[in-house]
Amino acid sequence: MKRLIGLFALLLAACSGQTTGLTIEHATYRAPLVDGAPGVAYFSITSTTADKIVGIASPEARSVEIHLARTTGGMAAMQKRDQVELPAGKTVTFGPGGLHVMVFAPVPRHANATFPIQITLESGRTETISFADESGRK
Ligand SMILES: [Cu+2]
């Protein structure tokens, strides 16, 4: 039975030409609160196949980096991550207190404009994610 379900999933994937096997949800962007501070972006990502995020960039910022926030001995710190594993079928969440995307020197933006960030995966897939700007919403 398991084999049948697996085959069905494969057929589904093969039939829908547009699918990349990537699901991106809850993509939100928070602009810097003060000039010179970085913005931050959060999202969750699920890949149907095991993959790895190996690159991240935005045309609307000087640079973007993947960070991991950690508290060790009562001290909060952030570590830059060059790669993030995406286990098959498992959702990886970028959110407060954990993995997040730090946005350095974003270009000035209109209120409620989406913020584009492109990720590159080890498999060669790329995905441009439109982050909804949450800064204006309270
Ligand atoms: Cu950070």
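Computed from the coordinates by the stated procedures, all read-outs in this text should not be read as laboratory data. Since this is a predicted model, take the numbers as computed values, not measurements. So basically every Cβ, Gly included, is an ideal-geometry build from the backbone, and we count neighbours across all protein chains shown.
Using 1/(1 + (r/R0)^6) with R0 = 22 angstrom and r between the beta carbons of Ser63 and Ala132, what's the FRET efficiency to the nearest 0.05? Don't skip to the answer; put the middle values down first.
On the way: r = 21 Å, r/R0 = 0.97.
After rounding to 0.05, the efficiency reads 0.55.
Net charge near Thr120: determine it from the other residues with C-beta under 13 Å of the C-beta of Thr120, scoring Lys and Arg +1 and Asp and Glu -1.
With Lys, Arg at +1 and Asp, Glu at -1, the neighbours total -2.
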Furthest towards positive pole of dipole, Ile119, Gln83, Thr48, structure part segment 20-133, Cβ charges: Gln83
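What full-extension length gain, to one decimal in nm, is calculated for Thr71 and Ala113 as 0.36 nm per residue of separation minus the Cα-Cα distance? Walk me through the numbers before you get to the answer.
Details: separation 42, 0.36 × 42 = 15.12 nm, distance 3.28 nm.
Gain on extension, Thr71 to Ala113, equals 11.8 nm.
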Sorted peptide list for 69-75, 91-97, 47-53, criterion being average Cβ within 10 angstrom, highest first: 47-53, 91-97, 69-75
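Could the peptides 111-120, 27-36 be put in order, highest first, of the mean number of other beta-carbon atoms found within 10 Å of their residues? Please list the in-between numbers first.
On the way: 111-120: 16.5, 27-36: 14.0.
Going from most to least packed, we get 111-120, 27-36.
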Two-site label geometry, Phe104 and Ala37: point separation in nm, points 7 Å out along Cα→Cβ: 1.8
Column: log10 I(q)/I(0), Debye, Cα scatterers of segment 20-133, q = 0.23, 0.24 Å⁻¹: -1.37, -1.45
